[in-house]
Each structure stands twice: as C-alpha cells, then as structure tokens.
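Below is one structure, written out as structure tokens, with a few remarks after it.
All of the numbers you see were taken from the coordinates with simple rules; none came from a lab. Bear in mind the structure is a predicted one, so any value in this text is a computation, not a measurement. Using ideal geometry, Cβ is built from the backbone for each residue, glycine included, and neighbour counts are taken over all protein chains shown.
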Amino acid sequence: MHGYSAENVELVSYHDLDSKPCFKLALQVVEDRWFLYATRFWESGISIIDVTDPATPKLVGSIPGPDDPNVATWQVQVADGLLVAGVQHRAEPWGGDPSQATDEGIHLWDVTDPESPSLVSKYRYGAGGTHRNLYTGGQHIHATASVPGMDGYIYSILDIEDRSEPQEIGRWFLPEQYRAAGGPPPIRQPSLHGPAYPVGDRCYLPYGQGGMVILDISQPGDPQLVSRLDFGEAFSSKIALHTVVPLPSRDLAVVNTEAIAELSEEPYNFAGIVDISDETAPRLISLLPPPVPHHDAGYPNFQKRGGRYGPHNQHLPDPNNQYLYFSEEIVYLTWFNAGLRVYDISNPYLPREIGSFLPDDPEERRGLLPRTALVTQSEDVLVDSRGYAYLTDKNHGLHIVRYTG
C-alpha cells in the first residue's frame, strides 16, 4: 500500500494505472457496477476504472484521445449515458506546442455500455478548445471555450438535443475579452476557468481574474449579467478564481482560486465562502484555513517545500446524480503539495479543517512538472455517495480514501 500521512481519513486502496497519472474524474453507475472515468495527465485519452469494490479497483478499458502530443483531453463529464470529453491545445509547460495542435472542442461518447464507449460526434470552436465543461444531463452542455477573436475562455451553451449535431445557442463574455473590437488590452486578463455551474435559471461562473460572475440563463440563447464580484489584485494570480460551487439552500457559494506558480511566487491563493443571499451584491464572508504541515513533516510550511501550493479542485456535487456525494456542510478540496483537505463549513463564518490526506511524495517522475521538486501534487477529487473519495496526482496513480471523522 502506498505511504501517506492523514488525519481522520483512511487509505482504502491505490492503483498505479499502468504508470499513466490521471487528472479529472467522472462517475456513473450501470447495473450496480460503479465506473470511474479518469483523464490522463501526460497523454490524451481516458482510463475506465471499475470501482464497484473500492478496495480492489480494476482497469477495464479506455477511451482514445487524439493521436497528437499537442492535444490534451483533461476534462470529462458523464450523465445520461453520455461522456463529454473536453479537447484543448496543450501548452508548452505541459509538453505541447499549441500552434501544432490538430484537434479541439468537445467529443461526445455514448457510454451506455460503460466498458465499450462509441464516439457520437465532435464539436469544434475553431480556436484553442475547451477547458472545464459541465454536463449534468439533459439538453445543454455548459462549456468553457476558446473562440476566435476573444482573449481567454468564454461561456458557451451547447444544445445537444440531437447528440449527433451539437449546436451553440448562446454565449457570454466580459467586454474586455473582445479583442477583435480593438482597444487597449486590460490590466488584468479575465478568462473563464470553469466549470460554469447552473442552478435553475442562474449560472455561477469562476471567471479567473474577472472574479465571480452570476448570470441569468432563463433564456439560454441570451445570458444576462446579474452581478460580478471582483476579488482584486491581492487574489489575482495568473489563473485566479478557479471554482464556484453554489449552495442554494444556504444562500452561499464556496469559491477558490488556483495556484499556478511554484514555490508560491504569486499573489495569495485562497478558498472562501461568499454570501449570495443578495445575488446582486455577493460578498466574501470568510476564508477556509490553509493547510498546516504535520508536526514531524520536516518542513515549516507548504509554501516553500517545492511544486505548486494552494487550492485547486473541489468535489463538484451534482443534484442530478444520486451516486455522487452531496453536502452543503462538508467540502473536499485539493491543495496540490498539501494533498486533500476536508472542511466543515456548517458555521460559514468559522470554517474548520476536519480531515486531511497527504500521499508520500512520488518516487518516479512521470511528467515534466513540478519543476522545483518531485513532490505530491494532488489535482482532482471526486467523492461518491458511499463516501469514497478518489484522488489524482501528476506523478502518482489513483488513491481511494475515506473520511472517518
């Protein structure tokens, strides 16, 4: 069993995934079998893992990506027997030359037979591809898309009533992204990181250096701005706001930025809670406490131990998927070289850490990053309704853990 340190979290199992580290995760259950779809970090394609028994995960298949080292298939969503794979140009730090990329956009796969997916269709935007998309079933995909004439990524709504012929029916962007119109470049570079998170006729967007955006999508073909919360230069790292997860019954949203520079050489990266009871004037009310090293860790803080340090991915609940964990009081969040952290936010003004899991550092470098030290870099976390959390890393395989507090 792979080594680790933890508080109130137990290691259930570890799978090396044939030395192919994975990144983003999606889950579906078919005929009482649980299938995890894991994108690969350093090459295109998606691994299919049977996690019916989380103690003995099994690789049971794969979905091919473009045969092009300049293309990444990092993002994946599954609902209604449909797998939505994001396809984007791979930048140089991740081992690609985006100017040579041959594919981009979204690939749709029929996964009603979970181990034998079949390609349904492709949709291209004509630029750098898509990053974090959201699909929870039904007629619409909420895409984070690179499109001609725009700086950064924008919000796009795809209609897939006919899955063989996806159609873009609406889009929204910040005015300063519209470079084709001319004018001086903005001081900060807003870009939708995604995913856009719809709840009813509202959609919550983590817009990078543009902050948090709330849209009215009651007319999907014509999204309208409700409000925008700018977190300012103090929190505007290169990527800045990465995720917004609304908690509708509590009039709250959990937000986080994303660390990108190694050794914390950028503005402070944070995770926090926003009061959205007045959706026209959202306000930040608290910060989740940053991770503290174990007393015998051998380093005084995570900021300077090497690699990236700071929040990255929250577990994304999906009210339409009964097999995903859902809570408006417990947050699972990865922190790169600080591993996985579990928070109790029942008191939104005093959130507290209640669990942690930090894998031992990798012994084998399987990709280009991190540059400064070969340390743990926890990437994504997905938690199923049984309470099992799946944790990915740039140079590890898949850890399956469970909160025991």
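Mean separation of Cα pairs under 8 Å and 6 or more residues apart, divided by the residue count, gives the stretch 314-405 a relative contact order of 26 percent. Candidate cross-link partners of K122 among the aspartates and glutamates, defined by an alpha-carbon separation under 15 Å and a same-chain spacing of 8 or more, comprise D103, E104, D110, D159, E161, D162, E165, E168.
Segment L225..I187, full-extension length gain: 11.5 nm, with 0.36 nm per residue of separation and the alpha-carbon distance subtracted. Is any residue of the stretch 30-69 close enough, with backbone N under 17 Å, to a label point placed 7 angstrom from the Cα of L119 along the Cα-Cβ axis, and if so, which? Counting backbone N atoms under 17 Å from the label point, the list is 44-47, 62-69. Note that the stretch 102-118 has calculated 3J(HN,Hα) couplings of 10, 8, 5, x, 9, 10, 9, 10, 7, 10, 4, 9, x, 8, 9, x, 10 Hz, one per residue in order, obtained from phi through the Karplus relation 6.51 cos²θ - 1.76 cosθ + 1.60 (θ = phi - 60°); glycine and proline are x.
Take the Cα of L368, go 7 Å toward its beta carbon, and the backbone nitrogen atoms of the stretch 83-125 under 12 Å from that spot belong to 90-99.
Since only A240, P290, T257 are under comparison, the one whose Cα sits farthest along the positive direction of the charge dipole of the stretch 228-306, derived from C-beta charges on Lys, Arg, Asp and Glu, is P290.
Compute the signed sum of charges (Lys and Arg +1, Asp and Glu -1) over the other residues within less than 15 Å, Cβ to Cβ, of V292.
Values: positive: K304, R305, R341, R352; negative: E7, D296, E353.
Cβ neighbours under 15 Å give a net charge of +1.
With θ taken as phi - 60° and the Karplus curve 6.51 cos²θ - 1.76 cosθ + 1.60 applied, the whole-hertz 3J(HN,Hα) list for the stretch 266-282 is 6, x, 4, 9, 9, 10, x, 10, 10, 7, 10, 4, 9, 5, 7, 9, x Hz, x standing for glycine and proline. Sorting V120, V12, V30 from the fewest to the most surrounding beta carbons within 10 angstrom yields V30, V120, V12.
Which net charge results when you count Lys and Arg as +1 and Asp and Glu as -1 among the other residues whose beta-carbon is under 13 Å from that of H15? Mind showing how you got there, number by number?
Numbers: positive: K20, K58; negative: D16, D18, D50, D53, D393.
With Lys, Arg at +1 and Asp, Glu at -1, the neighbours total -3.
Calculate the FRET efficiency for L284 and D68 from the Cβ-Cβ distance with a Förster distance of 30 Å, rounded to the nearest 0.05. For L284 and D68, the calculated efficiency is 0.15. When +1 charges are put on Lys and Arg Cβ atoms and -1 charges on Asp and Glu Cβ atoms, the dipole computed for the stretch 143-279 relative to its Cα centre reaches about 180 debye.
Between L247 and L252, A253, V254, the built amide H atoms are under 5 Å apart, and every one of these is 5 or more places off in sequence or on another chain. Summarising the amide proton neighbourhood of D318: residues at separation of 5 or more, or on other chains, whose placed amide H is nearer than 5 Å comprise an empty set. Going by neighbour counts of Cβ atoms within 10 Å, the residues M212, M150 line up, fewest first, as M150, M212.
Taking a point 7 Å out from the Cα of Y323 in the direction of its Cβ, the residues of the stretch 3-34 whose backbone N falls within less than 15 Å of it are 25-34.
Spin-label pair E168-Q100: with each label point 7 Å from Cα along the Cα-Cβ axis, the two points sit 2.7 nm from one another. Rounded to the nearest 20, the size of the Cβ-charge dipole of the stretch 191-342 about its Cα centre is 440 debye, with Lys and Arg at +1 and Asp and Glu at -1.
Summing charges over neighbours of E176, with a neighbour being any other residue whose Cβ is under 13 Å away from its Cβ, gives +1 when K and R count +1 and D and E count -1. Charges were assigned to the Cβ only: +1 to each Lys and Arg, -1 to each Asp and Glu. The resulting dipole of the stretch 322-379 about its Cα centre is roughly 220 debye. In summary, the lysines within cross-link reach of K58, defined as a Cα separation below 19 angstrom excluding same-chain residues under 8 places away, comprise K20, K24. The residues I48, I157, when put in order of fewest to most other Cβ atoms within 10 Å, stand as I48, I157.
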